[in-house]
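Taking it in order: structure first as structure tokens, then the write-up.
The values are calculated or read from the model by the stated rules, or taken from the named source; none is laboratory data. Just so it is clear, the model here is predicted, and its values are computed rather than measured. All Cβ positions, glycine included, derive from the backbone under ideal geometry; neighbour counts span all protein chains shown.
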Amino acid sequence: MSLFQARDISVRFGGIRAVDAVSFDVHQGEVFSIIGPNGAGKTTIFNLISRIYSATSGKLIFEGEEFTRTPAWRIAGLGIARTFQNIELFPNATLLQNLLIGRHCHSRVGFIAELGFLPSVRKAELHHREKVEDVIAFLGLERYRDSLIANLPYGVRKVVELGRALCIEPKLLLLDEPSSGLNVEETEGMGFWIEDIKKDLGITVIMVEHDMSLVNQVSDRVMALNYGKVIAMGTPRAVQSHPEVVKAYLGGEVDA
Amino acid sequence: MRHLFRTRYQQDIALWRHNGDRFWYALLALIVLLAPAVLGEFYIGELGAVFIFAIAGVGLMLLVGYTGLISLGHAAFLGIGAYTNAVLLAQGVPFLVTLPIAGLFTALCGAAIGRPTLRMSGLYLAIATLAFGSIVGTVFQKWTAVTGGFDGFAVPTPYVFGMSIEGATGIYYVSLAVLVLVLLVAANLLRSPTGRALVAIRDSEVSAQSMGIHLARYKTLAFAISAGMTGLAGALFAHYVRYLAPDAFDVLLSVQFVTIVFVGGLGSLRGAVLGAMFVRLLPQFIAVVRDSLPFGIGRLPGLEPSLFGLTLVLVILFQPGGLNGMWLKTKQWFQAFPFKRQASFRRQKSYARSERLR
């Protein structure tokens, strides 16, 4: 059964149909990429899934449960984590604190206990710390542990954001342009992280991406969007040679 | 220079980082405990006022410095705490009960203002809280049956375990105890999930939300905690001024609280205390030098508020880290002596992402 399903999901901003009756399934353990020209509605789909936007119509289903109307702050608790296109870390906190915020949806201590920092809170904090250290070790971020995010280079911040999402211990990970702003080498590294996340951690990934080499490297299936509509879906190779996709990217008429 | 070699995760969540911290804070505790034996009544009274303002400063720091929400209505919370405490005392309720009730009731009022302003930020929130402040001020004036209106009323003498704490020394010690408690609670919160959630909201609401942080709950909570601490300060303030009248809780007082937070240094509990010292001691300093200033500047009306305003502007422009930032830089300079990094002392142009930028 599919881990995640979108059924005829649409959203309209005024007269613009940003996403128009899009349906797709994501299977357990795959990397599913969404490609398309600028303004095709890729990030809007992510914002719909993380419930920053509300769908005008259609259904979103995760593990057999509909969550089309679930409030945004509950999404992490369901096991859906995301990163952002233009890095949304907490710049005035250390890397460690950023990753610990990723553990927020797992915290079960009461407010009164926190006021006194009771032993239960201390125990929970140490447990969170261990989980965070696992992620730090996984992504090789040890030497930046106590650095302020504002002082880290862009490429490292991208990895930190990935790490923060992993601290949620998600079942489904949404990556919004993981390679944007990275150089060729860093992009390759990002590709290896994504493969490791899929193979070693068994996390299902939905990725929005422009870099076709990265898409080819990691994706099991690809969906192409244009003007909010699905124009092609299938293996990376099939989608890239699909005439509609070529037309969307290069413009002009294609001899069919 | 001290390099910490950390071998356990416990070390990262400890209140004291190393024995040096323990030593200096123990020394500070000893000094403030013994101060009444050395200093005169007037100075102890003023120090007590510094503590009271520091309590409110810590409360406002949690809201402005850590959650990134502004409030220009904290004088109202101070007033609510003061009146709650004084009115209950007049009814014969013991001080050890009225003090926490003043805090809790003010926290409720804070939640009540936090809830409807959830979607506001920046200037709009400033205006909303300003309006709240003036509404509460009007209530103090008009609700004569309880507050005595413009005439005000004398605050009854508080008793702790049968001892009257009428004099400056009594208020000094009670304020000190409450300040230590408030600082401890704030530090505990900041190293718990709640504190991290507040910082997350300050730095990026959208990603805080996608990390599973319930924005409405935590913003309301931040307002409640902040107001509650200010309410405690208010209860003590009532005993410091001894006579409650509504004009004590005007907008200028709210601006003084904001000055505490900004001049002290956003995002630092130490800054809240340093800021409170600045705000309470500047008027005393002006009083001392008033007569020796040239051109009759000392006799100009409004000298004090304009100096507050000037300092606020200068600090925001040239020293965004506030007094706490200056302290950290000075400490670093001595630790690294004779080496120094030019960059540390260059004019800082990156700011904590908070209300002033939106």
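On the basis of being within 16 Å of the chain's Cα centre (by Cα) and more than 14 Å from chain A (Cβ to nearest Cβ), does B:L183 make the cut?
Spelling it out, it is not the case that B:L183 is within 16 Å of the chain's Cα centre (by Cα) and more than 14 Å from chain A (Cβ to nearest Cβ).
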- Message: Looking at the stretch B:73-94 only, could you name the residues that are assigned to a helix (DSSP H, G or I) and surrounded by fewer than 20 Cβ atoms within 10 Å (Cβ to Cβ)?
- Response: B:A90
- Task: Kindly indicate the residue of the stretch B:3-41 that is hydrophobic (A, V, I, L, M, F, W, C) and not in a helix (DSSP H, G or I) and also nearest to the other protein chains (Cβ to nearest Cβ) among those meeting that condition.
- Result: B:L15
- Query: When you go through (1) more than 14 Å from chain A (Cβ to nearest Cβ); (2) in contact (Cβ under 8 Å) with a residue 60 or more places away in the chain one by one for B:L266, which number turns out not to apply?
  - Reply: (1)
- Task: Specify which of the listed residues (B:A227, B:A235, B:A222, B:A208) is out of contact with any Phe, Trp or Tyr (no Cβ under 7 Å at 6 or more places or on another chain), buried (at least 24 other Cβ atoms within 10 Å of the Cβ) and within 26 Å of B:G148 (Cα to Cα).
- Result: B:A235
- Return the only residue of B:L266, B:L282 being at pLDDT 85 or above and not in a helix (DSSP H, G or I). B:L266
- Task: Any chance you could count how many residues in the stretch A:97-121 are more than 24 Å from A:V205 (Cα to Cα) and part of a helix (DSSP H, G or I)?
- Result: 10
- Quick check: anything in the stretch A:184-193 of a type outside the set (S, T, N, Q), touching a residue at least 12 places away in the same chain (Cβ under 8 Å) and either assigned to a loop (DSSP other than H, G, I, E, B) or touching a strand residue (DSSP E or B) at 6+ places or on another chain (Cβ under 7 Å) (or both)? no
- Would you mind stating whether B:L34 is surrounded by fewer than 22 Cβ atoms within 10 Å (Cβ to Cβ) and within 22 Å of B:A126 (Cβ to Cβ)? no
- Item | Every residue from the stretch B:152-175 that is assigned to a loop (DSSP other than H, G, I, E, B), surrounded by 16 or more Cβ atoms within 10 Å (Cβ to Cβ) and not aliphatic (A, V, I, L, M) | B:G152, B:P156, B:P158
- Task: Determine which single condition B:D203 fails, assuming it passes every other condition in (1) away from chain A (no Cβ under 14 Å); (2) in contact with a Leu (Cβ under 8 Å, 6 or more places away or on another chain); (3) modelled with pLDDT under 95.
- Result: (1)
- Query: So how many residues does the stretch A:58-85 have that are in contact (Cβ under 8 Å) with a residue 60 or more places away in the chain, within 11 Å of another protein chain (Cβ to nearest Cβ) and part of a loop (DSSP other than H, G, I, E, B)?
  - Reply: 3
- Query: With (1) assigned to a helix (DSSP H, G or I); (2) at pLDDT below 95 as the list, and B:G212 as the residue in question, which single condition is left unmet?
  - Reply: (1)
